[in-house]
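Structure, as structure tokens:
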């Protein structure tokens, strides 16, 4: 029995070392898909989603410290336009050039099922902490907690926003569209 156990342990250690060498050679050789246009690694989406949801269950806040009133939703719309729309888009808008080049593609948060079915605390955690390897930055060091809560409430209520908030978001989309594409020198042409 000792011989069997010793052989099993030796075989297991050999397999671990061999697998480590294969992974190292795979990564070192440049064969791993690292470009944003490349397909995901096997199990990449499943493993990252599993880790994210486990972390959210443990850390996301369950109490929202501000009400989802019109003032906070308008504040959230302003923050969203400034910091989020470049990747996640505006209601009725197209995918931005930045969003088109990201991997994974950022979800459009105002089309169909977005984050309006997520608790505001989940969105707060994602906005505050960011999500590694997705392009989603963490804003807890650059935005006050109240502003993060405002944008989180905006998104949690995206399917039932007051008309004033919808109008603010549509105006932001139209203002962005009116500016037109950048010129060769990085300037934007003047609206007519």
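Each value in this text was obtained by applying a stated rule to the coordinates, not by laboratory testing. Because the structure is a prediction, the values reported are computed rather than measured. Methodologically, a virtual Cβ is constructed for each residue, glycine included, from the backbone with ideal geometry; neighbour enumeration extends over all protein chains shown.
Any idea what angle helix 120-129 forms with the longest principal axis of the chain, computed on alpha-carbon atoms, 0 to 90 degrees, nearest 10?
70 degrees
Given labels modelled 7 Å from the Cα in the Cβ direction, how far is it in nm from residue 64 to residue 102?
Distance between the two pseudo-spin positions: 2.2 nm.
In a solvent-free Debye calculation with one equal scatterer on each Cα, what is log10 I(q)/I(0) for the stretch 1-156 at q = 0.13, 0.14, 0.21 Å⁻¹, listed in the order of the q values?
Listed by q, the Debye log ratios stand at -0.72, -0.79, -1.40.
Over the chain, what relative contact order in percent results from Cα pairs under 8 Å that are six or more residues apart?
Once divided by the residue count of the chain, the mean separation gives 22 percent.
Taking the Cα centroid of the stretch 150-177 and of the stretch 61-81, what is the distance between the two, rounded to the nearest whole Å?
So the separation of the two Cα centres works out to 11 Å.
As I understand it, the value is the acute angle between the Cα axis of helix 163-179 and the longest principal axis of the Cα atoms of the chain; what does it come to in degrees, rounded to 10?
Helix 163-179 and the main axis of the chain meet at about 80 degrees.
With a Förster radius of 41 Å, plug the Cβ-Cβ distance of residue 24 and residue 164 into 1/(1 + (r/R0)^6) and report the FRET value to the nearest 0.05. Numbers along the way, then the final one.
Values: r = 56 Å, r/R0 = 1.38.
Efficiency at R0 = 41 Å is approximately 0.15.
For the chain, set up a Gaussian network in which alpha carbons nearer than 10 Å are linked by springs, and say which option among 142, 152, 164 fluctuates the most.
142
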